[in-house]
Amino acid sequence: MADGKATRVAVVGVGEFGRNHVRVWSKMEGAELVGVVDINHERAAAVAVEFGTRVLRDVDALATEKIDAVSLAVPTKEHCRIGCRLLDSGMDVLVEKPMASTLAEADGLIASAQRGNRILQIGHLERFNPAVIAAKRIVSRPMFFEIHRLGMFTPRSLDIDVVYDVMIHDLDILLSFVDSPVVDIKAVGIPVITDKVDIAHARIEFETGTVANLTASRVSTERVRKIRLFQEHEYISLDYTRQDVLRVKVAPSSSQPEMKFEQVPVAQEEPLIGELRAFLLATRTRRTPRVDGVAGRRALELASRVMAGIQEHAGRVKRGAFGSPAKP
């Protein structure tokens with residue numbers, strides 16, 4: 001806080017994502033991890049013991065404990081209801097992605113934060129990946145992207161389509177790299193293991209002429225998280241997992257083009273540490289977070305448009321209705 005005291009934080013929802021928030025908060029300088037809340041009391045107790053904190057009775061107990069800031073990692077359908085409640089109670093909130101189930105719910109979160117002058121940050125973790133930060137410094141006018149985010153099947157986040165669960169990371173990064181309206185989207189996606197879309201591909205075109213091809217899967221046999229982008233006389237390859245960036249510059253000549261390879265310096269760090277540190281700083285300075293509610297809504301809206309494209313394609317090939325875009 002501004003008076004020099006540690007910021008009192010809590011984590012609501014301690015499943016796979018929430019547990020990691022507890023782990024990082026427990027070691028974060030300037031923060032005091034007061035406790036955790038989860039509807040599964042046994043899980044909450046186990047996480048509390050593991051990281052030396054307390055189990056708080058429920059969300060109402062956070063006000064009694066004078067909590068300043070909350071990591072909210074509950075199922076997406078609960079983000080708006082619980083998030084607005086926390087914001088309206090005077091707490092700053094980091095909401096895991098996607099920020100809401102619908103655009104109306106996203107608007108509700110933004111309105112609650114504005115009404116109470118609260119900090120609302122959305123958990124688009126890859127914005128804090130050191131490789132993304134390093135690449136953003138050298139991206140000038142990208143014209144073509146190839147983006148792959150492939151993962152093996154795990155029984156996690158199966159209540160939402162892969163576009164909202166996985167691809168939305170890259171949609172957010174894409175929007176941060178390309179400051180231009182989207183003018184066209186073509187998309188295809190199918191359920192493979194679940195009744196939701198498990199693998200999806202989208203081709204997105206911006207008003208600038210920039211084109212991006214994105215593939216996201218949670219049913220692959222390997223784990224790949226990469227961006228390849230091209231701008232004039234330059235190719236940049238970014239590996240999210242390895243946190244490295246390769247830059248290839250081409251110097252045209254009258255005889256044969258000369259290629260220069262450069263490994264871009266990257267200060268490696270776990271992205272979640274950077275994300276929570278940025279949130280903590282925002283709560284103290286009262287400055288707009290790097291990934292605020294507006295940015296989270298933009299990513300959700302684009303994900304919704306991709307899902308609408310998937311539904312349109314499914315209708316054309318008569319594969320049946322599946323997947324739902326976020327409602328207005």
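The values are calculated or read from the model by the stated rules, or taken from the named source; none is laboratory data. This one's a predicted model, so the numbers in the text were calculated from it and none came from an experiment. Every residue, glycine among them, receives a Cβ derived from its backbone with ideal geometry; neighbour counts consider all protein chains shown. Keep in mind that these areas ignore ligands, DNA and RNA; they rest on the heavy atoms of the full protein, side chains included. Shrake-Rupley method; radii C 1.70, N 1.55, O 1.52, S 1.80 Å.
Pro98 passes every criterion in (1) farther than 21 Å from Asp159 by Cα; (2) in contact (Cβ under 8 Å) with a residue 12 or more places away in the chain apart from (1). Sort out which residues of segment 27-60 are closer than 18 Å to Ala278 by Cα, open to solvent by 50 Å² or more (accessible area, probe 1.4 Å) and either outside any strand (DSSP E or B) or of a type in the set (Gly, Ala, Ser) (or both), and write them in order of number. Of everything in segment 27-60, those that are closer than 18 Å to Ala278 by Cα, open to solvent by 50 Å² or more (accessible area, probe 1.4 Å) and either outside any strand (DSSP E or B) or of a type in the set (Gly, Ala, Ser) (or both) turn out to be Lys27, Glu29.
Table: residues versus (1) over 22 Å from Ile168 (Cβ atoms); (2) in contact (Cβ under 8 Å) with a residue 24 or more places away in the chain; (3) under 19 Å from the mean Cα position of the chain (by Cα).
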site: Lys66; (1), (2), (3): yes, yes, no
site: Lys77; (1), (2), (3): no, yes, yes
site: Arg81; (1), (2), (3): no, no, no
site: Asp107; (1), (2), (3): no, yes, yes
site: Gly116; (1), (2), (3): yes, yes, no
site: Ile119; (1), (2), (3): no, yes, yes
site: Glu126; (1), (2), (3): no, yes, yes
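How about segment 1-26: which of its residues are hydrophobic (A, V, I, L, M, F, W, C), open to solvent by less than 50 Å² (accessible area, probe 1.4 Å) and farther than 11 Å from Val70 by Cα? Correct list: Ala6, Val14, Val24. With respect to the stated conditions, Leu276 is hydrophobic (A, V, I, L, M, F, W, C) and open to solvent by less than 50 Å² (accessible area, probe 1.4 Å).
The residue pairs whose first member lies in segment 169-185 and is more than 14 Å from Ser140 (Cβ to Cβ), whose second member is in a loop (DSSP other than H, G, I, E, B) and open to solvent by 10 Å² or more (accessible area, probe 1.4 Å), and whose beta carbons are closer than 8 Å, counting only pairs six or more residues apart or on different chains, are His169/Lys97; Asp172/Lys97; Pro181/Glu207; Val182/Glu207; Val183/Glu207. The residues of segment 86-95 that are assigned to a helix (DSSP H, G or I), free of Cβ contacts under 8 Å to residues at least 40 places away in the same chain and surrounded by 17 or more Cβ atoms within 10 Å (Cβ to Cβ) amount to a single one, Leu87.
Take the conditions modelled with pLDDT of 95 or more, crowded, with 22+ Cβ neighbours inside 10 Å and closer than 30 Å to Val317 by Cα and apply them to Ile168. Does it pass? The answer is yes for Ile168.
Residue selection: Pro142 satisfies the criterion of being more than 17 Å from the chain's Cα centre (by Cα), surrounded by 19 or more Cβ atoms within 10 Å (Cβ to Cβ) and either part of a helix (DSSP H, G or I) or of a type outside the set (S, T, N, Q) (or both). For Ala63, indicate whether it is out of contact with any Cys (no Cβ under 6 Å at 6 or more places or on another chain), over 19 Å from Met28 (Cα atoms) and either open to solvent by 10 Å² or more (accessible area, probe 1.4 Å) or outside any helix (DSSP H, G or I) (or both). When the stated conditions are applied, Ala63 passes them. The number of residues in segment 208-263 that are under 23 Å from the mean Cα position of the chain (by Cα), assigned to a loop (DSSP other than H, G, I, E, B) and more than 30 Å from Thr154 (Cβ to Cβ) comes to 1.
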